[in-house]
Amino acid sequence: MRNAAEERILPLLRPTDTERQYIREIADRILAEIKKSGKAEGMVVGSIARQTWLRGDHDLDVFMLFDPSISREDLERDGLDLARSIAASLTDRYHEKYAEHPYINASVDGIDVDLVPCYKVESAKKIQSAVDRTPFHTRYIIGKIDDLVDDVLLLKRFAKAGGIYGSDQMTEGFSGYLCELLVLHFGGFVPLLQAAQRWRPHELIDPEKHGAKKFEEPLIVIDPVDPRRNVAAAVSLDKMAAFIELARGYLAAPSDAFFELNIINSISREDLAALLAHRQTHLFAITFSTPPYIEEVVVPQLKRSTIAIGEHIERNGFAVHHAHYTMQPDNCMILFELLYGELPAVRTHFGPPVWNRDNAEKFREKHILSPLPGPFIHEGRYEVEVPREYTSAEALFSAQALEGVSLAKHIRLSIEHGYDLKQGSECWSPEFATFIAGFFSRCSPMTRIERKG
């Protein structure tokens, strides 16, 4: 039985008959073109095929299934050629994208369409590329989901409103397929929440009880069509914890607020200046051209590079209060908030314990002529004062200083071609105003809901 909040939101989540017909007509046109080519078999996959798409979400995924006897090179070449020719017959707005292999993304009469080549394999055990699984996912869900479609819609909207929907590298949350599997496994939206409120890290869910591999991720959901794959691999520990928090909050007091999409806030340069003056912290932004690769490649490299720069800052005595990154179509930004911007000209360098005779004597001899205090003994070990290499946080972000930082490959190459370093309110730009606003307004989903109430 639905509660009042669910009854109110569901009519707004179900696609209209007009939407369904519109999508169906476009899909039929594409399938007809694939059939006419005689080169592959067409199949609509994803949430549209499974009837689990939310009103207004018009992403149409069409797979072109090729004979598995052809080579990988032929699949990529012939598949891309077919996808390109079909897209060109329907629209002039299309371009090539890359995942495990190339595919075509097109805009057809306002609908975002992916045309993806894959192999038509007999079973998921015989997949030759990752995308070969997708048709099996679609068939699995279609065969079981009928009475639970509304529950999937509720879960997707619930996760979207909570900021945890999407398995992309920036979100690290719940994919549509994962939402469907969770609803199927637990038998509905509310039963899932009742189970989730008790989840702990490394929670294991195996719908078909056939797991054939050990996983270390926070949430483990064994793929029903592939016992060696974790469908929830993208879900970070923080997003899993956010879902647990939301489940507890909803079960305690369900309300419309759990389904209300979060308004994307922005910040002005003036408000940023006032905020920093109040916080008395030091903000630094590194901005550079976005590398010419897909998000799945660039974002993990942004993450690794942010960590590496943060470690470089900390090694030199400056405390990083918060750091984050974002990828935009044209530029990327890595943002650091430091607790202080200047440090004294000297620091303490720690040596070995005196009873570690060989190393202790080498340390003392090395620093015996130092003009600064030391070597001296403190709590049984040698210490000496040495000049600090960087007394200004700004200097840590110079091209010379960053040369010694282990930046990820594509990020390093982009930064080497040139980057902008800004401080304080100068970090602001229209392109990154929402990112900066989010940087300073972090809170858990339940905290946001309770504050709005």
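The values are calculated or read from the model by the stated rules, or taken from the named source; none is laboratory data. Keep in mind that what you see is a predicted model, and the values were worked out from it rather than measured. Quick reminder, even Gly has a Cβ in these numbers, built from the backbone with ideal geometry, and neighbours come from all protein chains shown.
Points worth noting:
- For the residues Tyr382, Tyr390, the requirement of being among the hydroxyl-bearing types (Ser, Thr, Tyr), surrounded by 15 or more Cβ atoms within 10 Å (Cβ to Cβ) and in a loop (DSSP other than H, G, I, E, B) singles out Tyr390.
- Residue satisfying all of: in segment 154-189; small (Gly, Ala, Ser) and in contact with a Leu (Cβ under 8 Å, 6 or more places away or on another chain); surrounded by the most Cβ atoms within 10 Å (Cβ to Cβ) among these: Gly162
- Of the helices (runs of 4 or more DSSP H) entirely within segment 232-323, those holding at least 3 residues that are of a type outside the set (Lys, Arg) and closer than 30 Å to Leu192 by Cβ occupy 237-252, 295-315.
- Of the listed requirements (1) under 23 Å from the mean Cα position of the chain (by Cα); (2) outside the structural domain of Ala32 (by TED's automatic domain parsing), Asp59 misses just one: (2).
- Taken together, the residues in segment 434-453 that are more than 21 Å from the chain's Cα centre (by Cα) and buried (at least 17 other Cβ atoms within 10 Å of the Cβ) amount to 1.
- Total residues in segment 44-61 satisfying the condition of being surrounded by fewer than 22 Cβ atoms within 10 Å (Cβ to Cβ) and either touching a Leu at 6+ places or on another chain (Cβ under 6 Å) or outside any strand (DSSP E or B) (or both): the figure is 7.
- Some residue of segment 122-132 being more than 23 Å from the chain's Cα centre (by Cα), part of a loop (DSSP other than H, G, I, E, B), more than 23 Å from Asp67 (Cβ to Cβ) and of a type outside the set (Phe, Trp, Tyr): no
- Residue match in segment 418-433 (condition: over 23 Å from the mean Cα position of the chain (by Cα), surrounded by fewer than 16 Cβ atoms within 10 Å (Cβ to Cβ) and charged (D, E, K, R)): yes
- From the options Ala257, Ala308, residue that is under 30 Å from Arg381 (Cβ atoms) and under 28 Å from the mean Cα position of the chain (by Cα): Ala308
- Asp109 falls short on exactly one of the conditions (1) in contact with a strand residue (DSSP E or B) (Cβ under 9 Å, 6 or more places away or on another chain); (2) in contact (Cβ under 8 Å) with a residue 12 or more places away in the chain; (3) of a type in the set (Asp, Glu), and that condition is (1).
- Residues that are under 14 Å from His137 (Cβ atoms), part of a loop (DSSP other than H, G, I, E, B) and not small (Gly, Ala, Ser), drawn from segment 172-214: Pro207, Glu208
- Close pairs from segment 1-19: first outside the structural domain of Gly110 (by TED's automatic domain parsing), partner modelled with pLDDT under 95, Cβ under 7 Å, at least 6 apart: none
- For the condition assigned by TED's automatic domain parsing to the domain that holds Ala40, at pLDDT 90 or above, crowded, with 20+ Cβ neighbours inside 10 Å and assigned to a helix (DSSP H, G or I), Ile141 does not qualify.
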